[in-house]
Structure formats: structure tokens, C-alpha cells
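Visitor: The structure's right below; bear with me while I get my questions together.
The values are calculated or read from the model by the stated rules, or taken from the named source; none is laboratory data. Just so it is clear, the model here is predicted, and its values are computed rather than measured. Quick reminder, even Gly has a Cβ in these numbers, built from the backbone with ideal geometry, and neighbours come from all protein chains shown. Accessible surface areas use protein heavy atoms only, side chains included; no ligands, DNA or RNA. Shrake-Rupley method; radii C 1.70, N 1.55, O 1.52, S 1.80 Å.
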Amino acid sequence: MENSKKKIIVTGSNRGIGYAIVDRLLREKFSVIMVDYDGEVINTAKNLNKIYNNVDGIQCDVSDFNACNDAFKDINKNEIYGIVNNAGINRDALFKNMEYNQWDAVIKTDLYSVFNVTKIFVNGMIENNCGRIVNISSASWNGNIGQANYAAAKAGVIGFTKTLAKELGKYNIKANAIIPGFIKTPMTDQLPDKIREKFIDRIPLKRIGLPEDVANATAFLLDEKSDYINGDLIEVGGGLVL
Ligand code: NDP
């Protein structure tokens, strides 16, 4: 099947890694549905459409299952070839100081969203007997000080991915996860310089990653070249291990 007939949903794609993924997929001639909490995504998609003509934008809070059902109700479920579950937030605090709402917001946005969006489209993929699911986890899944909420969600994403790989492989659906290290986006731009420098010092390549680095790995996992890769993790972190 040619890429233009493969429609990919990318969540959290109005900026940062998600936007870079969309940009890369459009260059590869995939059709794309951009989804973001930020309503500006509709204009972003319109602008990209002037160049590519195969992109839609949908405003949706993917942490909310009912909102997802509503926002995606007009999409033909058999049209979806791939899902990139990228939307995520962090609300860092040492666990002794972590408030319930910091835990709740991160688990809902970074883990429930992956269930919500995948659940809505998986039966269409099963009917089609093909599909790709790429989940964006994080190097923090391994445990990181100040990120009990985020690490729990991102570790959950890995368990979810590996389980789907086992359950859905027989339907020719591949599920894999990407583990970005420290990537330059609005999410990490908010960190104090001191923390950024500390991170860079721990990266063997001694530089921060770019959203395009994650986009390249994502495009590979949606490409036919990765046809035999299922239930695997690709680290994009310049060698960073937390
Ligand atoms: P950004 O904060 O730059 O972008 C995230 C995007 O997701 C924003 O457009 C945001 O919208 C959107 N979003 C947030 N919550 C929701 C929601 N509930 N529903 C729909 N959209 C939502 O993040 P990054 O690009 O840095 O991160 C992308 C993914 O990569 C995340 O899952 C993150 O955890 C992961 N990651 C990032 C790393 C990094 O170093 N940057 C490292 C490891 C993993 P809005 O602007 O309205 O908030």
C-alpha cells in the first residue's frame, strides 16, 4: 500500500516532538490527522495543507475518553493505518511533596490517553488486518527523581505496548515504543539552565536531542522497512540512561 493511503493519527502534535513527527510523515507522503488540546491545531493543519493537501486537525483532550469518542466520531475507523500516541505532560515534584492533582493529571494525560485513542481505533485495524501503533514513552520510565507520576505513566506505556504486540501481532498490527532521552521542545525549554547542563553532562553524545531525531525513529516504525519489529523499544537519547 502506498503511503498516501495510510492515514496516521498523531496526538499532541501542534508543537514539539508531535509536530516534528507530522512534518516528517507528510514528507514521506503519509496522510495525517493532527490531534491536540490546543485548538490552534486546526489552523496549523490548514497551513500544512497548503503544501501537502493530506492533513486534518482535530482539537481534543486525549486524556478524556468521552471527549475522544466525540472528537473522533466522524473518522472512518477503517481508514486509520497508524496511531502515534505522543501527547504528554509533566508535573514534577519530589514524591513527598507531590499533590494528588499532579499525579492525576500526568497519569491521565500520559497513560490513559494511550488507552483512549488506541481503544477507539484498534478494532478498525483488526478488521483491516494491518496497522501500526507507536507509543512515545520516556527515559524516565526507569525511575527519575521528581517524576514518580511521569515515570509510572511512561513505564505503563511500555507494558501496554508489549502487551498489545503480543495480542495484536496475529492481526498484522505492530506495536512499538520510542524512548526519547532529553529532547529540545517547549516541555524541556522550561527547565532551569542548571538542570539542562546536568542532563547534557550525562548524555554520552554531549548534546541535547532534536524533535526530528524522534520523528526519524517514528517514521521508521511506520515504514514497511520495520515490518518485522514488534513489541520493541527504540531509545533516542544519545546514550542517556537515567
Ligand atoms: P510539548 O509539551 O512540547 O508538546 C506536547 C503537546 O501535547 C502540546 O501541543 C500539548 O498541547 C499537547 N497535549 C498535552 N496534553 C494534551 C491532551 N490532554 N490532549 C491533547 N494534547 C495534549 O512536549 P514534547 O514535544 O516535549 O513531548 C512529546 C512527548 O514526548 C510527550 O509524551 C513527552 O512525555 C515525551 N518525551 C519528551 C521528552 C523531551 O525531552 N522533550 C523526553 C522524553 C519523552 P498544549 O500546548 O495545549 O498543552
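Visitor: Failed condition for ALA45, given (1) of a type outside the set (Val, Ile, Thr); (2) closer than 15 Å to ASP223 by Cβ; (3) crowded, with 19+ Cβ neighbours inside 10 Å; (4) over 17 Å from the mean Cα position of the chain (by Cα), with all others met?
Guide: The number of the failed condition is (2).
Visitor: If I filter region 192-203 for residues that are in contact with a helix residue (DSSP H, G or I) (Cβ under 6 Å, 6 or more places away or on another chain) and either at negative phi or not in a strand (DSSP E or B) (or both), do I get at least one hit? Step through it out loud before you land on a result.
Guide: So the first thing to find is which residues in region 192-203 are in contact with a helix residue (DSSP H, G or I) (Cβ under 6 Å, 6 or more places away or on another chain), and the list is none.
No, every residue in region 192-203 fails to be in contact with a helix residue (DSSP H, G or I) (Cβ under 6 Å, 6 or more places away or on another chain) and either at negative phi or not in a strand (DSSP E or B) (or both).
Visitor: If you don't mind, another one. If I filter region 187-201 for residues that are closer than 21 Å to ASN86 by Cβ, within 11 Å of the ligand (Cβ to nearest atom) and either buried (at least 20 other Cβ atoms within 10 Å of the Cβ) or touching a residue at least 40 places away in the same chain (Cβ under 8 Å) (or both), do I get at least one hit? Steps first, please.
Guide: First pass over region 187-201, keeping only residues closer than 21 Å to ASN86 by Cβ: 187-191, 199.
From what is left, the residues that are within 11 Å of the ligand (Cβ to nearest atom) are 187-191, 199.
Restricting the remaining residues to those that are either buried (at least 20 other Cβ atoms within 10 Å of the Cβ) or touching a residue at least 40 places away in the same chain (Cβ under 8 Å) (or both) gives 187, 199.
Among the residues of region 187-201, at least one is closer than 21 Å to ASN86 by Cβ, within 11 Å of the ligand (Cβ to nearest atom) and either buried (at least 20 other Cβ atoms within 10 Å of the Cβ) or touching a residue at least 40 places away in the same chain (Cβ under 8 Å) (or both), which makes the answer yes.
Visitor: Given the criterion over 16 Å from THR118 (Cα atoms), touching a strand residue (DSSP E or B) at 6+ places or on another chain (Cβ under 6 Å) and open to solvent by 40 Å² or more (accessible area, probe 1.4 Å), identify the matching residue among GLU224, GLU235.
Guide: Working: GLU224 fails: touching a strand residue (DSSP E or B) at 6+ places or on another chain (Cβ under 6 Å).
The unique qualifying residue is GLU235.
Visitor: Moving to a separate point now. Condition check: within 14 Å of the ligand (Cβ to nearest atom) and open to solvent by less than 70 Å² (accessible area, probe 1.4 Å). Does ALA153 satisfy that? Give the steps one after another, and end with the answer.
Guide: On the way: within 14 Å of the ligand (Cβ to nearest atom): yes; open to solvent by less than 70 Å² (accessible area, probe 1.4 Å): yes.
Judged against the criteria, ALA153 is a match.
Visitor: Still on this model: Somewhere in region 124-137, is a residue open to solvent by 30 Å² or more (accessible area, probe 1.4 Å), within 13 Å of the ligand (Cβ to nearest atom) and not in a strand (DSSP E or B)?
Guide: So far as region 124-137 goes, no, none of its residues is open to solvent by 30 Å² or more (accessible area, probe 1.4 Å), within 13 Å of the ligand (Cβ to nearest atom) and not in a strand (DSSP E or B).
Visitor: Could I ask something else about it? Determine, yes or no, whether LYS206 is away from the ligand (no atom under 12 Å from the Cβ), over 30 Å from TYR81 (Cβ atoms) and modelled with pLDDT under 95.
Guide: Numbers: away from the ligand (no atom under 12 Å from the Cβ): yes; over 30 Å from TYR81 (Cβ atoms): yes; modelled with pLDDT under 95: no.
So LYS206 does not fit the description; no.
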